[in-house]
Amino acid sequence: MFAVLLLLCLSATVKDSSSLNLNFGANNVIEIFAVTNNDIANNTIVTDDDPPPHNQAARMARYITHTSNWGAMATVAVREPIVGFPFANIFSLSDGPVDQSSGTPYMYISPWEVSAHDLRQNNQTSITMSLAQGNYCSKMNYDPEDPRCAHIILTGTFVKLTRESEEGQFAKKSLFSRHPIMPEWPEDHGWFFAKLDIKNILVLDFFGGAVTVPLEEYFNANPK
């Protein structure tokens, strides 16, 4: 019965593919929704080790950046009827292969992506990542809003990378090693590599409020 219902749902979706948002590619309905267990399993987890102590904010920030496979990126919307409003969207991220943290979040996105339209007009953005994305907070029985379930907010500018450049190739290695399904995404979507050029780092990892981590301290910190 479940299989029949699933086929009916897919059939209805394909018939009405013209109503899909162009950001998701009306000609690739099956590619978009057919996610296998392998796709999920291959989204490489860096470590299940506990995070650094809360009084080492730079290390905590680097740890969260490196262990996060995705984050929420905020832009300023350019679409009606929400022009000028904050707009948050989920993106797959990587700051490097499992054994090579750089501290810089890299992305692989399409110009069709809804947030890409915002970034073309204003490339200032923030990315939020949290320990709640892993197992630590649930293991400790911390609510995602509990300060001990640390999260970071990286603010900066969105920069498109030249694929053939040294950094573009590092971004490719970083993302494809952590998200092995990416090379199979539809070729006609114009995918490109990009990074967040970090200008400010906020860390909330304990009671008493968020702290700002200097950039030099952040990039010099050991994420382990």
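Some points to look at:
- Across Asp205, Asp50, Asp99, the residue with the most accessible area heads the list, and the full order at a 1.4 Å probe is Asp99, Asp50, Asp205.
- Alpha-carbon centroids, the range 134-157 and the range 76-128: separation in whole Å: 20 Å
- Contact order, relative form, for the range 80-224: 29 percent (alpha carbon pairs under 8 Å, 6 or more residues apart, mean separation divided by residue count).
- Entry comment: accessible area of the range 67-136 is 44 Å² per residue, from protein heavy atoms only and a probe of 1.4 Å.
- Linear extension gain, Asn200 paired with Phe219, 0.36 nm per residue minus alpha-carbon span: 5.6 nm
- Listed residues Arg148, Arg178, Arg120, Arg79 arranged by accessible area, highest first, probe 1.4 Å: Arg120, Arg148, Arg79, Arg178
- In straight-distance terms, cross-link reach from Lys160 covers every one of the lysines whose alpha-carbon lies under 20 Å from its own, apart from those fewer than eight places away in the same chain; here that gives Lys172, Lys173, Lys195, Lys199.
- FRET E, pair Asp146, Asp188, Förster distance 45 Å, beta-carbon r, rounded to 0.05: 0.55
- The 3J(HN,Hα) values that the Karplus relation (6.51, -1.76, 1.60; θ = phi - 60°) gives for the range 127-140 are, in residue order, 10, 10, 9, 9, 5, 5, 6, x, 9, 4, 5, 5, 4, 8 Hz. Gly and Pro appear as x.
- Listed by chain and number, the aspartates and glutamates whose alpha-carbon sits under 17 Å from that of Lys139, ignoring those within fewer than 8 places in the same chain, are Asp48, Asp49, Asp50, Asp205.
- Length gained on full extension, Phe207 to Thr157: 15.1 nm, using 0.36 nm per residue less the C-alpha separation.
The values are calculated or read from the model by the stated rules, or taken from the named source; none is laboratory data. Please read these numbers as outputs of a predicted model, since none were measured by experiment. Backbone-built Cβ (ideal geometry, glycine too); neighbour counts: all protein chains shown. Surface accessibility is based on the protein's heavy atoms, side chains included, excluding ligands, DNA and RNA. Shrake-Rupley method; radii C 1.70, N 1.55, O 1.52, S 1.80 Å.
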